[in-house]
Amino acid sequence: MPHRDKKECVMVFSRFERFWHWSQAALIITMMITGFEVNGAYEWLGYEQAAHAHRFAAWFLIGLWVFVIFWHAITGEWKQYIPTRRGIMAVVQYYTTGILDASVPHPYKKTRMAKHNPLQRLAYLAFNVLISPVIWISGLLYMFYNEWVQTGLDGPVTLGDVALVHTAAAFAMLIFFVGHVYLAAFAGKPFYAYLKAMLTGYDLLYVDPRDPPDPNRRAPNRCG
Amino acid sequence: MTGGVYRSRFRSGPRRARRRIAMAAGLTLACAIGLVTPTATRAGVATNSTADHTTFEELEGPFADGPSVTAACLHCHTNAAKQLHQTTHWTWRYDNARTGQTALGKQNVVNNFCISVQSNWPRCTSCHIGYGWEDASFDHASETAVDCLVCHDTTGAYTKPATTAGHPDPSLDLAEVARNVGPTSRANCGACHFNGGGEDGVKHGDLDTSLIDPDFALDVHMDADGLNFQCATCHTTGGHEVTGSRYAPTAIDRLGIDVPGHTDDTRATCESCHGLTPHESNSKLNDHTDRVACQTCHIPAFARGERMTKVRWDWSTAGRMNSDGKPYHEEGSHGYTTYTSKKGDFVWGADVTPTYHWFNGIIRYTKPGDTIDPADVVVINAVEGSADDPDSRIWPFKVMHSRQPYDAGQSVLALPHVFGQDDSAFWTNFDWPKALQAGMATQGIPFSGAYDFVETQTYWPLAHMVAPKDDALSCNECHAKRGRLADLTGFYMPGRDTFPWLTMAGWSLAGFTLLGTIVHGLVRIVATARARVRGG
């Protein structure tokens, strides 16, 4: 166990990650707004415009994901999402009671190569390997419904089945979104702390001596 | 199928009103002299004939009657009558191999306009391509009984009075007409097909005299100043057999674009020229062509021309007399007849939204003598098809709603004798039992003596009055909860269908999550404030 007591202001979200995060956020919000209109929740753009924008955003998001998967694979950042049970209860306890007391620190000591707490890891892993794949696969099947004839899929699976799975995954995405926005934008100390990190890229993290030193680190008093 | 509701809105505005009044006046005149008038104005058909008929000795005349003209025609066109004898235009009889129903055709089926042909021959056969079909004994083998002129007249002068079994107006100079024959135009076909049901525009909804000289907005193909298609441009002919059928329509033409060696010898489907992937700039639209007929989006409404079409006919009110004991008629503000003692009440529509139905090309008729359920709406020509049938597409229809007599003693549709100067004709003596007795006897279905009225529908697939593409339906017309296809079941349509339980569960869970975060946030705010107070 490396000793983690020294904090340093380091670049925790690189320019690429921030670009990825915020463009993904914009695209997912667009897709939720248009998707739930297609699903009949409200009438705003009308079906035609909503469905068109939904497809358009989908292709952008697919393109983005191709880059992001590549980036994670090359940089080894995918390891950030390996789930762990160690310390997870402490985090849960922090968010239920500890957070109410300003003097209680977050039990998880972030480092640059382990920047997500166990709860985050679990949530993001669910996002990455559960919600997203289901939504992508069902969405692409939905989009290419007319080509099913050539795949032999036509018959055992109906468009209704695909729409059901896609809609269910969309609701899961919405629930993730609500929870994520609250925890990430309002649950820091101060409440905007995490949000600021995702905007500037810098955060005060514990130093893991095994990590290479960050050449761009700033003085702690100039962090953000 | 259940009783559909037609949505119609009536046109207003001075331009249309003026034209309509003019049209109505003209029609009244036409009715008064009892003529089926093709038209005086004609959009010309290009002809590149190698023969100048005006120079033919055979056509110098004078001709005493129609058959004499035909005899002259047959002098050179030796096989023409034999060819025509094979056509539905001549036989008014159709055997449908797909349903196994035989002896269909105009002379046999029941309809929900004037109902039945066989006891009313001379009136109905004014639209037969022959001379003298006055009763069941008409000789269908007669070659000179074929009427060449009604289809090939180019002068516009040739008219067949409405009640003379297809014989032309005796005052006509038949030789002049005969010397000016040419290719068949919209006006020739329209003389009957635009006036079906007894008056201009009554029957089809997508066919009326506004198609004689239509503009681009009314029909992109027949546009007189543009493509100027004639009927036969699509309803191609071979040996006088005109392609395209009301009894066995092609609901989907997978042959696609017809080229020599790869053709069904007809262009009477959209696909014959446009194929099944006609949308170049929007491939999503091409994804629809396997399940949605071209007409569904490209004919956004019927009766889009100058004429209204009849959408309801109630025979049950026929026979009322005015205070003088005489038959009378009433007109609506639109200038169209809304009641006549002879026929009952009418409802007319313009720019009517079609009724949509899955359709695989199979139409099953309720034939004379078939048992009906008088408690329900009788669909006289039921169109078949479903979402599960890959040969079905969603088609637009004009649904004609009527209330017509049926034989209550044996639950069959009644066949009234309406036309004639005899004692039993309804339009002469207004006596239902007599009219039904006489009419049904002609088709061998004895009238039980008891009659009542039953709701009926006929389905008319729409294929004409094709709108410019900018006027085609947008996605939102159907992909909506209460869109045009709200009543079509059996398939999932995005924008229309949802899973209510999933919607409920999804929004509830998302709502609870949001509520949880709000409560959590509030508790934090309160805790912080209290700590500050305590600390302060």
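Just so it is clear, none of the values below were taken in a lab; they were calculated from the coordinates. Keep in mind that what you see is a predicted model, and the values were worked out from it rather than measured. A quick note on method: Cβ atoms are made from the backbone with ideal geometry, for glycine too, and the neighbour counts reach across all protein chains shown.
The residues neighbouring residue A:188, those whose beta-carbon lies less than 14 Å from its own, together hold a net charge of +4 under the Lys/Arg +1, Asp/Glu -1 convention. Fully extending the segment from residue B:82 to residue B:391 would add 107.7 nm, taking 0.36 nm per residue of separation and subtracting the current Cα-Cα distance.
Between residue B:471 and residue B:525, the FRET efficiency from the beta-carbon distance, with R0 = 45 Å, is close to 0.20.
Only the Cβ atoms of Lys and Arg (+1) and of Asp and Glu (-1) were treated as charged; on that basis the dipole of the protein assembly as shown about its Cα centre amounts to roughly 6220 debye.
Net length available on complete extension from residue B:441 to residue B:139 is 106.6 nm, with 0.36 nm assigned per residue and the Cα-Cα distance removed. Restricting attention to the protein assembly as shown, close to 90% of DSSP beta bridges with both partner residues there are antiparallel. Summarising the label geometry, the points placed 7 Å from Cα in the beta-carbon direction at residue B:217 and residue A:89 lie 7.7 nm from one another. Cβ-to-Cβ counts within 10 Å put B:160, B:434, B:82, B:398 in ascending order as B:82, B:434, B:398, B:160, the fewest first. Within the listed set A:173, A:143, A:11, the Gaussian network model of chain A (springs between alpha-carbon atoms below 10 Å) gives the highest mean-square fluctuation for A:143. Under a 10 Å cutoff between Cα atoms, tell me which one of A:91, A:134, A:157 has the largest fluctuation in the Gaussian network model of chain A. Among A:91, A:134, A:157, the largest GNM mean-square fluctuation belongs to A:157.
Mean residue ellipticity at 222 nm, helices only, the protein assembly as shown: -10000 deg cm²/dmol; runs of at least 4 DSSP H residues each add -39,500 (n - 2.57), and the sum is divided by the number of residues. When the listed pairs B:398/B:434; B:310/B:434; A:115/A:196 are checked against a 23 Å cut-off, the alpha-carbon distance exceeds it for B:398/B:434; B:310/B:434.
For segment B:341-370, the residues whose backbone nitrogen is under 18 Å from a point 7 Å from the Cα of residue B:328, taken along Cα to Cβ, are B:341-346. Taking 18 Å as the straight-line reach from the Cα of residue B:469, the lysines in range (excluding those fewer than 8 positions away in the same chain) are B:284. In this rough spin-label picture, where each label sits 7 Å from Cα along the Cβ direction, the residue B:430-residue A:136 distance is 7.9 nm. Amide H contacts under 5 Å for residue B:311: B:347, B:348, B:349, restricted to partners 5 or more places along the chain or on a different chain, H placed in the peptide plane at 1.01 Å from N. With the cut-off at under 13 Å, measuring from each backbone N in segment B:491-528 to a point 7 Å along the Cα-to-Cβ line of residue A:103 picks out no residue.
In the protein assembly as shown, the inverse of the mean reciprocal separation of distinct Cα atoms equals 31.7 Å; this is its Kirkwood hydrodynamic radius.
Computed from point charges on the beta carbon alone (+1 for Lys and Arg, -1 for Asp and Glu), the dipole magnitude for segment A:7-222 about its Cα centre is near 1300 Debye. Seen from residue B:274, the other residues with C-beta closer than 12 Å to its C-beta sum to a net charge of -2, counting Lys and Arg as +1 and Asp and Glu as -1. What FRET efficiency would be calculated for the residue pair residue A:6, residue A:196, taking the C-beta separation as r and a Förster radius of 35 Å, to the nearest 0.05? The formula returns an efficiency of 0.95 here.
Taking a straight line from the alpha carbon of residue B:367, these lysines sit under 17 Å away, with near neighbours fewer than eight places off in the same chain left out: B:106. Placing unit charges on the Cβ atoms only, positive for Lys and Arg and negative for Asp and Glu, gives chain B a dipole magnitude near 3180 debye about its Cα centre.
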